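A quick write-up on the structure given underneath.
The values are calculated or read from the model by the stated rules, or taken from the named source; none is laboratory data. Note that the coordinates shown come from a computational prediction; the quantities given were computed from them, not determined experimentally. Using ideal geometry, Cβ is built from the backbone for each residue, glycine included, and neighbour counts are taken over all protein chains shown.
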Amino acid sequence: MATRTVTVQRPAPMDAPQGVVRSGAAVLKGMWIASRHFWRNFWGFVRGKPTVFTVQYPEERLQQPPAFRGMPVLVQMENGKERCVACGLCEWACPTDCITIYPAETDDEIERYPRVFDIDMSRCMFCGLCEEACPEEAIVMSHRVEIAAFSRRGTVWHKEDLLVPLRELETTRFPHIRRTYESPAAE
Amino acid sequence: MPNNDRLLSIIRGRCAEAVIRTDDYRGDATVVIRPERLLEIARVLRDDRELAFDLLLDVTCVDYLGQQPRFELVYHFYSTRHRHRLRLKARVPESDPTIDSLVPLWVGANWLERETYDMYGICFRGHPDLRRIYLYEEFEGHPLRKDYPKEKRQPLIGPGSKGTYKPRPPEIPHAHRVEGMLGAELMRVQLGPSHPATHGTVRIVLDLDGETIVNADVEIGYLHRGFEKECESGFYYQAIPYTDRLNYSSAILCNVGYCMAVEKLFGVEVPLRGQFVRVIGGEISRIADHLLCIGATALELNAFTPFLYALEARELAWDLINALCGARVTSNFVRIGGVSADLPEGFAELCQQNFKRILELVADAEGMLLENPVFRARMEGVSIMSPERLIAYGVTGPLLRAAGVDLDLRRAEPYLIYDQLDFDVPLGSQGDNLDRFLVRLTELRQSIRIVEQCLRLIPPGPVDVDDPALRLPPKGRVFNRMEDMINQFKLVTEGPKPPPGEVYFAIESANGELGYYLVSDGTGKPYKCRARTPSFSNTQPLAEMVRGRLLADIVPTFDMINMIGGECDR
Amino acid sequence: MEMVTKAPGSVAGGFLARLRAATGQPLADAEAFGESFLLTKLADAVQWARKYSFFPYPFVTACCGMEYMSTAGPRFDIDRFGAALPRFTPRQADLLMVVGTITHRIAPILRRVWEQMAEPKWVVSFGACTSSGGPYNNYAVVQGIDTIIPVHLYIPGCPPRPEAVLDGLIKLQERVQRERGGQRIPERHGSGRPL
């Protein structure tokens, strides 16, 4: 067994009189640590290479990885229509039942489409199980999270609100999903 | 692996006439007993030298509606000396759901039995204080019974609803009530449920004599949100996001425990690379959890700067989780039969870079705290409890290790690939709050070491089990092959269907033993999904730890227990 | 539930009324002038001051608290929006942030905290559980805090990212700025389109 137990080293007790000296030293040490953070950031600011951890939202945003899970959206194809065929798998998979689909049929090449596709964002827990269940790559997790609203009605997203052009998603979440195609498990 | 046959034959030998049946399914030893003999057998289990089951992990119940007798009490035991486990079961009828209480033997059975009473209406004979723990007194019925509809809500009792709301003066039912030293009346103080110094919703009702705590009653349940009921109403895979929300500061560990329990039901094992990825994710989660604990402790002891450093370090740990699975807090990363995605490109470099900064920040926070006289005075020698007493309470994890007990499931019963890794398990020497703090600090550094080793050792290969019965086929195949498309539909609409049976599987989470007890009836939904959560058992001794101490000692003690609301109240 | 916050215009109106009572003169012209220009500017200034100095009361119960800490922490620093100083007594706070699941057991406590806050006050529903009950649709969880107290802003997410929270805060600031004289706030969908 490669694990072993160690007993943690307790710092020496702070008894007087050394304790008094060490307490004073501890205060100085604390000031030193805090001021080091300050000077580091200040020096970065002076050199024009900021090291400050703070993100100046909304002017500045974090670079998000492809795996980022924001709100689920519907993929919009070049012809402006949704890719969804209203099979209802995402509705099944959703643990919170926040998706509502009414399917309908048309004369297009893909004959089934969702007449109604609503997601109640105030219930959605952004887990991504809908995306995983979808057999058409039609519902994906986007990079959008800024969706606060003033009323409950404003948090229910209809099909028109949910459609996002394929182009935008190609650069965000798709690289993450498509990675699994080439993963060794796909052999 | 301990020898279950030997264990079961010893038990059969010791109390032959009380045992109805024994079995050994998937490595879990089970003994079914006559309910009226429970106390007697439990005493043998605890006191026999060869059995020595000193840790009562869990008490729960399964409702077999329509069968006679209807309720099955389930007890899980662990022996810290022999490192073996046992499940004890006894059935009681619906007409008289009564069984002996185990509180005389394990003091930690108190809350567990109260919970079982609350959720199933089982009465425990000889329990000192049998009242509801999660729900309120006015609640009618027992929600985890199968005939209680999941969405049946009861009227809100309070000023926001109809009816008059009168805050009831809480009563402290304690046997050890001490009269005030000066003969003066004790002062009753309520700490919580929304208190700035307790990161979690808990109410502590205190009787104070001056500033000394004479009596304390810890009231939990303000965050009870029906984890078990939600899991039982969905498919196996739909429970994974709910496990995130158990211990939300280390969600991946909770995922790992649940998925491994389901895999144990199936009897499958994840490919090696998948196991590595799980360990990496889990350990990063553990880092985030310990950072939160350290930072929150500093904050609540009024040290704001180390809190900011810890938060900054936690952001960096979360960046790694974000790169791994796209979420920061509720990761939903692990899947039954694998993980949701393999490591992203450049993950090792990102880890290296972030760990370097995390270690710097932790060193800064540590440097500010450990020599600080105020911090030391509030941590050193505070809330010491003997290891035996902690074990009787069912405490596990850093809290128990700080008292010097070598119990880390990663070492005691290595799961995943922990037996191939090289790490230290820190132990404390005195068991006070300072030791607890130091144990967490050391564990954090060890977790970083584990992740670095994993990144070095990780083999190529698949991360998922290629079995359509439990893991969705890869997307690329779903688009191109009819067979996989059908598998996808089948798995999503029917759920993975493990064979009937029951298992208990535990991992070492950031706060201690996190176990899942699953009962499968062969359908796609778990018949019973029980989480044995460490925070619940760890919070229980709080009242005893602070009794006789000063009011101010509650805060550091509560912080070092690191009670996580979602995990404690489920 | 009607969500009209007491307008600062009426505060200044009270001042005018007192002025009229003191001088005993009809102030019709001044009143008209004041209502049209001076008072609206004053009201704007008051609302401007309010929106940049929220005193939040974080009612933290669950997972969302992790992201709340993060929002208040070094990276996202809610202080840049003037809402950093959490007041842990409702009497000093004007922004109630309900962070985390509200169960039936804690609902009366939330209601009481809200009742103790002085006007004007705003309520932010932080995360899915508070907005609608979220993933927990069962016997124990309140299905949205708007069933017990009025809510001015819903931030979806489980838990919402700090970016989403800051965006919500900016939206709330806009709302507060417009909130004058009890006029209705134009509704907006989460995507930005009018409702």
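Some observations on this one:
- Looking at A:Q64, A:Q9, just one residue is surrounded by 11 or more Cβ atoms within 10 Å (Cβ to Cβ) and within 9 Å of chain B (Cβ to nearest Cβ), and that residue is A:Q64.
- Just so you know, in the range B:518-539 the residues that are in contact with a helix residue (DSSP H, G or I) (Cβ under 8 Å, 6 or more places away or on another chain) and surrounded by fewer than 24 Cβ atoms within 10 Å (Cβ to Cβ) include one that is farthest from B:I220 (Cα to Cα), and it is B:G524.
- The number of residues in the range B:445-460 being surrounded by 15 or more Cβ atoms within 10 Å (Cβ to Cβ), within 12 Å of another protein chain (Cβ to nearest Cβ) and in contact (Cβ under 8 Å) with a residue 24 or more places away in the chain comes to 4.
- Among the residues of the range C:161-192, those identified as out of contact with any Pro (no Cβ under 9 Å at 6 or more places or on another chain) and facing chain A (nearest Cβ under 7 Å) are C:R161, C:K171, C:R175, C:I185, C:H189, C:S191.
- Filter pass, B:R14 being more than 18 Å from B:E413 (Cβ to Cβ), in contact with a strand residue (DSSP E or B) (Cβ under 9 Å, 6 or more places away or on another chain) and in contact (Cβ under 8 Å) with a residue 24 or more places away in the chain: no
- Any hit, the range B:350-360, residues being farther than 30 Å from B:G548 by Cα and among the aromatic types (F, W, Y): yes
- Residue within the range A:119-134 that is in the same structural domain as A:R173 (by TED's automatic domain parsing), part of a strand (DSSP E or B) and of a type in the set (D, E) present: yes
- Residue within the range A:138-159 that is in a loop (DSSP other than H, G, I, E, B) and closer than 29 Å to B:V465 by Cβ present: yes
- Tally of residues being facing another protein chain (nearest Cβ under 7 Å), under 13 Å from B:L291 (Cα atoms) and among the charged types (D, E, K, R) across the range B:310-368: 3
- 1 or more residues in contact (Cβ under 8 Å) with a residue 24 or more places away in the chain and polar (S, T, N, Q): qualifying strands (runs of 3 or more DSSP E) within the range A:1-110: A:72-76
- Residue within the range B:415-428 that is part of a helix (DSSP H, G or I) and more than 9 Å from every other protein chain (Cβ to nearest Cβ) present: no
- The range A:150-187, residues that are within 8 Å of another protein chain (Cβ to nearest Cβ) and modelled with pLDDT of 85 or more: A:F150, A:S151, A:R152, A:R153, A:G154, A:T155, A:W157, A:D161
- Taken over the range B:321-341, residues that are surrounded by fewer than 24 Cβ atoms within 10 Å (Cβ to Cβ) and assigned to a helix (DSSP H, G or I) amount to 3.
- In summary, strands (runs of 3 or more DSSP E) completely within the range B:29-122 and bearing 2 or more residues that are of a type in the set (A, V, I, L, M) occur at B:55-63, B:71-78, B:85-92.
- Contact annotation: residue pairs with Cβ atoms under 8 Å, 6 or more positions apart or on different chains, pairing a residue in the range B:30-56 that is of a type in the set (G, A, S) with a partner that is in a strand (DSSP E or B), are B:A42/B:Y75; B:A42/B:L88.
- Enumeration of residues in the range C:152-171 that are under 13 Å from the mean Cα position of the chain (by Cα) and within 16 Å of A:R152 (Cβ to Cβ): C:H152, C:L153, C:Y154, C:I155, C:G168, C:K171
- Among the candidates C:A164, C:A128, residue that is among the hydrophobic types (A, V, I, L, M, F, W, C), within 25 Å of A:R144 (Cβ to Cβ) and without any contact (Cβ under 8 Å) to a residue 12 or more places away in the chain: C:A164
- The range C:40-67, subset hydrophobic (A, V, I, L, M, F, W, C) and assigned to a strand (DSSP E or B), residue nearest to C:P120 (Cα to Cα): C:F59
- In summary, B:V503 fulfils each of the numbered conditions (1) within 17 Å of B:E269 (Cβ to Cβ); (2) at the interface with chain A (Cβ under 7 Å from one of its Cβ atoms) with the single exception of condition (2).
- Against the list (1) within 15 Å of the chain's Cα centre (by Cα); (2) part of a loop (DSSP other than H, G, I, E, B), the condition B:A197 fails is (1).
- Test: residue in the range B:163-177 that is surrounded by 20 or more Cβ atoms within 10 Å (Cβ to Cβ) and either out of contact with any strand residue (DSSP E or B) (no Cβ under 7 Å at 6 or more places or on another chain) or modelled with pLDDT of 80 or more (or both): no
- The residue list B:T539, B:T533 contains one member that is touching a Leu at 6+ places or on another chain (Cβ under 7 Å) and under 26 Å from B:S250 (Cα atoms), which is B:T533.
- Tabulated pairs, the range A:126-149, first within 12 Å of chain C (Cβ to nearest Cβ) and within 16 Å of A:P165 (Cβ to Cβ), second part of a loop (DSSP other than H, G, I, E, B) and aromatic (F, W, Y), C-beta under 6 angstrom, 6+ apart or interchain: A:H143/A:F68
- Search result, residues across the range B:386-404 that are more than 10 Å from chain A (Cβ to nearest Cβ), surrounded by fewer than 24 Cβ atoms within 10 Å (Cβ to Cβ) and not in a helix (DSSP H, G or I): B:S386
- Checking A:K29 against (1) modelled with pLDDT under 85; (2) within 9 Å of chain B (Cβ to nearest Cβ); (3) over 28 Å from B:F347 (Cβ atoms), the condition it does not meet: (1)
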